[in-house]
Amino acid sequence: MENRLGLFLVLLSVTCFCEANNTCYVPETKKSYVTSLAINMAHSVGPCVPPDPSVLLALNLGQVKVPTAQEILIEQLKNDAVDKVSKNLSFTSGKVALYVLALRSSCVDPSDISVQQGSINLVQLLENKTREELRAFGTAAVLAMGLVCVLGMENIPEKTLTEVRTALSGLLDLILEHQKDGLIGNAYSTSLAGQALLAAEKYFLISWDCSGTIQKVLDLIPEKTFSLPIAAARVLPFLWSTSYVSVKRLPCPEDDAHFISVEYTIVNDLSGDQFHHFTIIAVEEGSTVLQVMQKAAELDPNKFSFESKNFTWGVYITAINHLAESTIDRTCWLFFSGNTLLDKGVSSYIPKKNEHIIAIFSKY
């Protein structure tokens, strides 16, 4: 049984395609918390910041399209993995598994990682390290997700399935014993435990207050509990009602579909409650500013909702974030690319990759 357990994390990383059974959700009124957490996590990515596979994994599981962040992370993780192996640096089986999961979620083959300084097979490395470090696994939640994955596979001997169910039942009991005041252990262990319980609900009747746990986690977001990228990366899949076992079902983009990142800011320094909201939106290349605005409003309606009117020459924006133009006050929304006023309307202007579109409430 121990030898089989040693391979479950490998199976989770490479072959699993079972899905979490979505039984509880973030309320509509709190979805902006989750969106802001994801955006802040994406903003943590940079060429001078050490890469974290959990961040890439969370972005992909949540279908958060920030191509610049994802492109940077993919190259950083590939180079870092080869560097660790070639220099014999610390690279535990748990860390290798996260690299495999993250790269697989980005449609990168983890068994063939090639960069300028060399190439490695992360899948083979994970299998070897799993056997070597079997007794080092202390994360019941991750192991539970591996066991759930095995239950969803085909052609598994009945004897093995019985052993897996028994082992998984024990792990779930261990996880549930640590429930208290909505958390499972502490705020950080709750992230992985919630993922594991969601995944296991497909096979077990689990007595836990999922909605209560969701609410407790949401209450902790404004307190900056998950402000570190690694903390956000582990809690976001749970808030999106998914888990690491869902990696295999992630779709790979079609070759002809190319996404770009567009920065979008809305500014009001003139009237009432002033605001300055910024986001990064991923849209297909060739999209208009209007489509960027629509995607921003979809992701965070509390900040980026807008109203418009259709005219023969295009679309005219009359209000953003519930702040409407006024002919009496001679105010309107003007759109800029950086410091330059757009020479076309929002339904005609097509921003380039990484272009910064700014909507400013202005007087005329």
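How many of the residues making up the stretch 102-118 are surrounded by 14 or more Cβ atoms within 10 Å (Cβ to Cβ), under 15 Å from Lys84 (Cβ atoms) and either out of contact with any helix residue (DSSP H, G or I) (no Cβ under 7 Å at 6 or more places or on another chain) or at pLDDT below 85 (or both)?
2
I need the full set of residues from the stretch 337-364 which are within 13 Å of Val262 (Cβ to Cβ) and of a type in the set (Phe, Trp, Tyr), in order please.
Of everything in the stretch 337-364, just one residue is within 13 Å of Val262 (Cβ to Cβ) and of a type in the set (Phe, Trp, Tyr), namely Tyr349.
Identify the residue in the stretch 325-336 that is in contact with a strand residue (DSSP E or B) (Cβ under 6 Å, 6 or more places away or on another chain) and open to solvent by 30 Å² or more (accessible area, probe 1.4 Å) and, among all such residues, is farthest from Glu263 (Cα to Cα).
Arg330
When you scan the stretch 206-221, do you find a residue that is crowded, with 23+ Cβ neighbours inside 10 Å and touching a strand residue (DSSP E or B) at 6+ places or on another chain (Cβ under 7 Å), even just one?
Checked against the condition, which is being crowded, with 23+ Cβ neighbours inside 10 Å and touching a strand residue (DSSP E or B) at 6+ places or on another chain (Cβ under 7 Å), the stretch 206-221 yields no hits at all.
Given the options Val123, Val142, name the one that is at pLDDT below 85 and touching a Leu at 6+ places or on another chain (Cβ under 7 Å).
Criteria check complete, one pass: Val142.
Restricting attention to the stretch 1-42, report how many residues are modelled with pLDDT of 55 or more, hydrophobic (A, V, I, L, M, F, W, C) and not in a helix (DSSP H, G or I).
Residues in the stretch 1-42 being modelled with pLDDT of 55 or more, hydrophobic (A, V, I, L, M, F, W, C) and not in a helix (DSSP H, G or I): 5 in total.
Taking the stretch 158-193 on its own, how many of its residues are in contact with a strand residue (DSSP E or B) (Cβ under 7 Å, 6 or more places away or on another chain) and open to solvent by less than 40 Å² (accessible area, probe 1.4 Å)?
Residues in the stretch 158-193 being in contact with a strand residue (DSSP E or B) (Cβ under 7 Å, 6 or more places away or on another chain) and open to solvent by less than 40 Å² (accessible area, probe 1.4 Å): 3 in total.
Among the residues in the stretch 43-56, are any among the acidic types (Asp, Glu), assigned to a loop (DSSP other than H, G, I, E, B) and modelled with pLDDT under 85?
no
Given Val142, Val123, which one is closer than 20 Å to Trp240 by Cβ, open to solvent by 20 Å² or more (accessible area, probe 1.4 Å) and over 14 Å from the mean Cα position of the chain (by Cα)?
Matching residue, one of Val142, Val123: Val142.
Filter the stretch 288-320 down to the residues that are open to solvent by 80 Å² or more (accessible area, probe 1.4 Å), free of Cβ contacts under 8 Å to residues at least 60 places away in the same chain, more than 18 Å from Val262 (Cα to Cα) and not basic (Lys, Arg) and list them by number.
Within the stretch 288-320, Glu307, Asn310, Phe311, Thr312, Trp313, Tyr316 meet the criteria.
The values are calculated or read from the model by the stated rules, or taken from the named source; none is laboratory data. For clarity, every value in this text was computed on a predicted model and none was experimentally measured. No Cβ is skipped: glycine too gets one built from the backbone with ideal geometry, and neighbour counts run over all protein chains shown. Note: accessible area is taken over every heavy atom of the protein model, side chains too, but ligands, DNA and RNA are not part of it. Shrake-Rupley method; radii C 1.70, N 1.55, O 1.52, S 1.80 Å.
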